[in-house]
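The values are calculated or read from the model by the stated rules, or taken from the named source; none is laboratory data. Quantities reported herein were computed from a predicted structural model and do not represent experimental measurements. Using ideal geometry, Cβ is built from the backbone for each residue, glycine included, and neighbour counts are taken over all protein chains shown. What goes into the accessible areas is simple: the full protein's heavy atoms, side chains included, and nothing from ligands, DNA or RNA. Shrake-Rupley method; radii C 1.70, N 1.55, O 1.52, S 1.80 Å.
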Amino acid sequence: MPDASQGERPTLHGPRVKLVPTEPAHHSRLRELHSIPSIRRWWRMPSPSWPNDVDGFPYTITVGDHIVGFIQWYAEDDPDYRHAGIDVFIDPEEHGNHYGRESIQVLCAHLVDTHRFHRIIIDPEATNEQAIRSYIKVGFRPIGVMRQYSRGEDGVWRNGLLMDLLAPELVRVQ
């Protein structure tokens with residue numbers, strides 16, 4: 001079983017999306033997407049070195065040769081608490097095409113099948129209803145509200161929604 005700390009990042013394929021390990025050639029487009037107000041609303045402005053400074057395993061989401069988003073995963077490898085967590089954003093012009101949902105399904109299948117994680121978490125802001133609906137369709141379940149979990153660019157603390165998915169609950173790509 002591969003250890004998450006080994007940093008193995010194969011290219012992952014879905015029916016329409018491809019998750020490619022993020023490379024310097026992707027940085028400009030990813031930073032452009034990250035600066036779109038409707039993404040920044042949830043992700044804030046990245047550091048000047050983003051995505052070089054990502055803690056975890058970053059992937060660029062592509063459809064054909066077009067970069068449509070970003071997804072990353074990270075691991076808690078303590079055997080008594082072992083799980084993976086993910087984060088994702090999609091170009092707002094691509095919303096409704098379900099590339100985000102497919103990307104999450106592909107990544108979660110990789111985390112379950114290859115890395116043998118039994119539990120995966122995600123933590124959107126509690127008011128990010130569109131993302132929450134998408135995560136539920138993949139099999140994530142709300143666990144609870146984390147009060148004043150993250151601070152927005154305006155300095156206001158916002159609630160987060162902790163969601164998790166157990167391996168048997170994953171709705172796989174058809």
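Figures for the structure shown
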{"item": "Region 90-103, residues that are under 18 Å from Arg31 (Cα atoms), touching a helix residue (DSSP H, G or I) at 6+ places or on another chain (Cβ under 6 Å) and open to solvent by 30 Å² or more (accessible area, probe 1.4 Å)", "result": "Pro92"}
{"item": "Filter result for the condition that a residue is at pLDDT 90 or above and in contact with a Lys or Arg (Cβ under 8 Å, 6 or more places away or on another chain), over Pro46, Pro21", "result": "Pro21"}
{"item": "Failed item in (1) under 23 Å from Val173 (Cβ atoms); (2) free of Cβ contacts under 8 Å to residues at least 24 places away in the same chain, with Asp55 passing the rest", "result": "(1)"}
{"item": "Looking only at region 40-61, and only at residues there that are part of a helix (DSSP H, G or I) and more than 13 Å from the chain's Cα centre (by Cα), the one that is surrounded by the fewest Cβ atoms within 10 Å (Cβ to Cβ)", "result": "Arg41"}
{"item": "Yes/no for Ile120 being at pLDDT 95 or above and in contact with a Phe, Trp or Tyr (Cβ under 7 Å, 6 or more places away or on another chain)", "result": "no"}
{"item": "Residue selected from region 115-124 under the condition under 26 Å from Ile39 (Cβ atoms) and not in a strand (DSSP E or B), by the criterion most open to solvent (accessible area, probe 1.4 Å)", "result": "Asp123"}
{"item": "Every residue from region 15-39 that is touching a Phe, Trp or Tyr at 6+ places or on another chain (Cβ under 9 Å), open to solvent by less than 70 Å² (accessible area, probe 1.4 Å) and not aliphatic (A, V, I, L, M)", "result": "Pro21, Thr22, His26, His27, His34"}
{"item": "Selection within region 62-75 - at pLDDT 95 or above and open to solvent by 60 Å² or more (accessible area, probe 1.4 Å)", "result": "His66, Tyr74"}
{"item": "Single residue of Val106, Val112 found to be crowded, with 20+ Cβ neighbours inside 10 Å, of a type in the set (Val, Ile, Thr) and under 12 Å from the mean Cα position of the chain (by Cα)", "result": "Val106"}
{"item": "Per-region count, region 125-174, residues over 18 Å from the mean Cα position of the chain (by Cα), farther than 19 Å from Arg41 by Cβ and either aliphatic (A, V, I, L, M) or open to solvent by 90 Å² or more (accessible area, probe 1.4 Å) (or both)", "result": "3"}
